[in-house]
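Reviewing the structure listed below.
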Amino acid sequence: MPLALLALAVSAFGIGTTEFVMMGLLPNVADDLGTSVPTAGYLVSAYAIGVVVGAPLLTALGSRIPRKRMLLLLMALFVVGNLASALAPGFGWLVAGRVLAGLPHGAFFGVGAVVAARLVPEDRQARAVATMFLGLTVANILGVPAATLLGQHLGWRATFLVVTVIGLVAMAALARLVPHVPVDERQGLGREIRALGRPQVLLGLLTAVFGFAGVFAVYSYLASMTTEVMGFAESTVTVVLALFGLGMTGGALAAGPLTDRALRPTLYGSLAALVLTLVAFRFTVHVPWLALVTVVVLGAVGFMTTTPLQMLVMRKAKDAPTLASASNHSAFNLANAGGAWAGGAAVAAGWGWTSPALVGAGLTVVGLAIAAVAGLLDRAGTAEGASRVVAGSPQESAATDRAATADGEVAEVSGTSASPASGS
């Protein structure tokens, strides 16, 4: 794998750390700034709002900027947002800093995924994208627990100062290791928007919103489940979250080669496995050792969905994939917010701390159904296109030649070649 993927993974590590560390620092922030923990919870939402707004907006504004320069600009904004958070004089300023830090998140992963795919041959593109996301999963194993402990002992501001330094290190790695990736002259904002509006791209984004919401319906309340249902001490919460991160890492490692080999089957299989795991968790959570095993499996199958979803929207928006790729991270954050809301509503309704698992399973079933419908429509479109080729002239057949790729999708091979080294 190219060293440039290491630079992308380091950047993802910093982004993942700042995204999830706030959940462990809410009591500290609330005490220091004189507010309640539920009010401090708006800081989690503020970051998610930044991601949802920033992903399409910044990607659109940077559609004509060379990819390496765009990555550096986005990471610079990340550094400024975290520095502003560390130096915030009050709660309102901290909310603004969190929004600012979240703005480049989706755009960075969107552009980074396209760059990662361009760096390797076509049959290894999913593995390259998964390698970048590996930084995000490692952040949940090492970055978030370490940053939480740092914040608890030296103050929450120290955490964001350290994340700022990680951002600067990531910028240096990007500048040194990522090659120049030019923008395709044929691409522009209009073409990116048209690609985003394709039915298969929109169905892929909807699959992410509902399918991944099942993960966050449980993850958002995993700390409470650990103490209220599993019966562990509060000090064990960090260990349980780290186990979830271990599962995420395993899922990311498995998702890359599986997606390269068979995209839609990997997506269907991971979503189905997620449904079964969520249902099982409703029962295993009462047996401590089984609960811990299920947490690892939940992290693995949950994160195994991300790479095929990312590659799906990129391939369906193949000639202009950057905006679709970035919007996928808006979809993931909508899943975060929606899953947390649905799980919380179940608890508030008096259904108990285990109810988010069944709510999450229901949400994922919806995501799986959307994915299945998209697959059927894709097959119907492929069959219709093939029949037109058979009925057409030899010249038409040559102009619309298609090749079945390893993921079960259909790739255009007429006209121009989609070389991994071409500009994004």
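The values are calculated or read from the model by the stated rules, or taken from the named source; none is laboratory data. Given the structure is predicted, the values throughout are model-derived calculations rather than measurements. As a convention, Cβ positions derive from the backbone with ideal geometry for all residues, glycine included, and neighbour counts pool all protein chains shown. Keep in mind that these areas ignore ligands, DNA and RNA; they rest on the heavy atoms of the full protein, side chains included. Shrake-Rupley method; radii C 1.70, N 1.55, O 1.52, S 1.80 Å.
Looking at the structure I just gave you, is residue 241 of a type outside the set (Lys, Arg), closer than 30 Å to residue 121 by Cβ and in contact (Cβ under 8 Å) with a residue 60 or more places away in the chain?
It is false that residue 241 is of a type outside the set (Lys, Arg), closer than 30 Å to residue 121 by Cβ and in contact (Cβ under 8 Å) with a residue 60 or more places away in the chain.
Within region 17-26, identify whether any single residue is of a type in the set (Asp, Glu), part of a helix (DSSP H, G or I), at negative phi and open to solvent by less than 50 Å² (accessible area, probe 1.4 Å), and answer yes or no. Lay out the reasoning, then the answer.
At the first step, the residues of region 17-26 found to be of a type in the set (Asp, Glu) are 19.
If we keep only those that are part of a helix (DSSP H, G or I) as well, we get 19.
Among the residues that remain, those that are also at negative phi are: 19.
When the remaining residues are screened for being open to solvent by less than 50 Å² (accessible area, probe 1.4 Å), the result is 19.
Checked region 17-26: at least one residue is of a type in the set (Asp, Glu), part of a helix (DSSP H, G or I), at negative phi and open to solvent by less than 50 Å² (accessible area, probe 1.4 Å).
I'd like the full set of residues that are open to solvent by less than 50 Å² (accessible area, probe 1.4 Å), of a type in the set (A, V, I, L, M, F, W, C) and farther than 17 Å from residue 220 by Cα, limited to region 39-54.
Within region 39-54, 51, 52 meet the criteria.
Considering only residues that are out of contact with any Gly (no Cβ under 8 Å at 6 or more places or on another chain), within 18 Å of residue 247 (Cα to Cα) and surrounded by fewer than 24 Cβ atoms within 10 Å (Cβ to Cβ), which ones fall in region 109-140?
134
Would you pick out the residues in region 3-16 that are within 19 Å of the chain's Cα centre (by Cα) and open to solvent by less than 10 Å² (accessible area, probe 1.4 Å)?
Residues satisfying the conditions are 5, 7, 8, 11, 12, 14, 15, 16.
Kindly provide the set of residues from region 242-257 that are open to solvent by less than 50 Å² (accessible area, probe 1.4 Å) and either hydroxyl-bearing (Ser, Thr, Tyr) or under 28 Å from residue 24 (Cβ atoms) (or both), ordered by number.
Matches in region 242-257: 242, 243, 244, 245, 247, 248, 249, 250, 251, 252, 254, 255.
Could you check how many residues of region 258-284 are open to solvent by less than 50 Å² (accessible area, probe 1.4 Å) and assigned to a helix (DSSP H, G or I)?
Taking region 258-284 first, the residues open to solvent by less than 50 Å² (accessible area, probe 1.4 Å) are 259-260, 262-264, 266-267, 269-275, 277-278, 280-281, 284.
Still in the running and assigned to a helix (DSSP H, G or I): 259-260, 263-264, 266-267, 269-275, 277-278, 280-281, 284.
Final tally of qualifying residues: 18.
Quick one: count up the residues across region 141-163 that are surrounded by fewer than 23 Cβ atoms within 10 Å (Cβ to Cβ) and either among the hydroxyl-bearing types (Ser, Thr, Tyr) or in contact with a strand residue (DSSP E or B) (Cβ under 7 Å, 6 or more places away or on another chain) (or both).
Count: 0.
Residue check, residue 84 against (1) modelled with pLDDT of 90 or more; (2) among the aliphatic types (A, V, I, L, M); (3) outside any helix (DSSP H, G or I), all met but one. Which one?
Answer for residue 84: the failing condition is (3).
Give region 113-129 a look and list any residue that's of a type outside the set (Lys, Arg) and either part of a helix (DSSP H, G or I) or within 29 Å of residue 298 (Cβ to Cβ) (or both), or say none.
Within region 113-129, 113, 114, 115, 116, 117, 122, 123, 125, 126, 128, 129 qualify.
Among the residues in region 218-233, are any open to solvent by 10 Å² or more (accessible area, probe 1.4 Å), under 20 Å from residue 52 (Cα atoms) and free of Cβ contacts under 8 Å to residues at least 24 places away in the same chain?
Checked against the condition, which is being open to solvent by 10 Å² or more (accessible area, probe 1.4 Å), under 20 Å from residue 52 (Cα atoms) and free of Cβ contacts under 8 Å to residues at least 24 places away in the same chain, region 218-233 yields no hits at all.
So the check is Cβ under 6 Å with 6+ separation or different chains; which pairs have a first residue in region 289-301 that's within 16 Å of residue 217 (Cα to Cα) and a second one that's modelled with pLDDT under 95 and among the charged types (D, E, K, R)?
Sorted first by the residue in region 289-301, then by its partner, the list stays empty.
Just the residues that are among the acidic types (Asp, Glu) and in contact (Cβ under 8 Å) with a residue 12 or more places away in the chain, please, taken from region 30-68.
32
I'd like the full set of residues that are within 25 Å of residue 49 (Cβ to Cβ) and surrounded by fewer than 24 Cβ atoms within 10 Å (Cβ to Cβ), limited to region 307-334.
334 - this is the single residue of region 307-334 that is within 25 Å of residue 49 (Cβ to Cβ) and surrounded by fewer than 24 Cβ atoms within 10 Å (Cβ to Cβ).
Take residues that are at pLDDT below 90 and tell me which of the helices (runs of 4 or more DSSP H) falling wholly in region 130-246 contain 2 or more.
By residue number, 144-154, 189-196, 199-219, 222-228.
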